[in-house]
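Reviewing the structure listed below.
The values are calculated or read from the model by the stated rules, or taken from the named source; none is laboratory data. These numbers were taken from a predicted model, which means no experiment stands behind them. Methodologically, a virtual Cβ is constructed for each residue, glycine included, from the backbone with ideal geometry; neighbour enumeration extends over all protein chains shown. Note: areas computed on protein heavy atoms with side chains; ligands, DNA, RNA excluded. Shrake-Rupley method; radii C 1.70, N 1.55, O 1.52, S 1.80 Å.
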Amino acid sequence: MQDKILVVDDEREIADLVSLYLTNEGFQVFKFYNAADAWACIQTETLDLALLDVMLPEMSGFELCQKIREKYQYPVIMLTAKGEEIDKITGLALGADDYITKPFLPLEMVARVKAQLRRYKRYNAGMQPEEDVIIHSGLVINVKTHECTLNGKPLALTPTEFSILRILCQKKGQVVSAEELFHGVWGDEYFSKSNNTITAHIRHLREKMNDSFEKPKYIKTVWGCGYKIET
């Protein structure tokens, strides 16, 4: 069965190019130039991933991402303008799993889409590590059901946030680099030291867990090395 990909961009040339490359890779693409038509599709089709441009008429990509996250858990990748760092941070805060900066290489875009789909399918198919339930200082991560609670209260985590927290807890006591987390979550090789995706997700995790940056109870930053959860 073909994976169904939603592509939304008001720049028709970009939307058409993305659609062409994804179609050539065997995906079924639903292409739209505005958020309203895309939202109608979202409510009627069972999608596997969404690619959303930030700057859309009437309803922004941010708003559309937020509406998707109210009901759906499939991966969302934001398309952002070059140099707009705040767009990347905002998109991740609203539940996006990744971002691609314009202009981009179509083959890199395809690789990122495939990496997100691999991760998403891995959890849906029930492929877990040896531990189905990870418990640490009031934090309970159920890998099998993809649920997380902190001191008995549910944590509303995106799939990416869940993956990062799971990896850190599985390797508690060890320092995990941003690059290692990146590869563990996305499974691709497109990582550079200037990529702040992991940093943004860590910040959002801390906010949701009410974890202090200065005196963290859970996620500790090891400067120049990465992150770790103390044993």
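Structure notes:
- In summary, Ile89 fulfils each of the numbered conditions (1) without any contact (Cβ under 8 Å) to a residue 60 or more places away in the chain; (2) surrounded by 15 or more Cβ atoms within 10 Å (Cβ to Cβ) with the single exception of condition (1).
- First in the range 203-221 and in contact (Cβ under 8 Å) with a residue 12 or more places away in the chain, second anywhere and among the small types (Gly, Ala, Ser) and assigned to a helix (DSSP H, G or I), Cβ under 9 Å, 6 or more apart: His204/Ala93
- The set of residues in the range 67-82 that are open to solvent by 10 Å² or more (accessible area, probe 1.4 Å) and closer than 15 Å to Ala93 by Cα comprises Lys67, Arg69, Glu70, Gln73.
- Set side by side, the residues Ile135, Ile202 differ, and just one is under 30 Å from Val7 (Cα atoms) and either at pLDDT below 85 or not in a loop (DSSP other than H, G, I, E, B) (or both), which is Ile202.
- Just one of the listed residues (Ile68, Ile5) is under 21 Å from the mean Cα position of the chain (by Cα), among the β-branched types (Val, Ile, Thr) and modelled with pLDDT of 95 or more, namely Ile5.
- Residue count for the range 140-188, restricted to those that are assigned to a strand (DSSP E or B), open to solvent by 30 Å² or more (accessible area, probe 1.4 Å) and within 24 Å of Leu49 (Cα to Cα): 2
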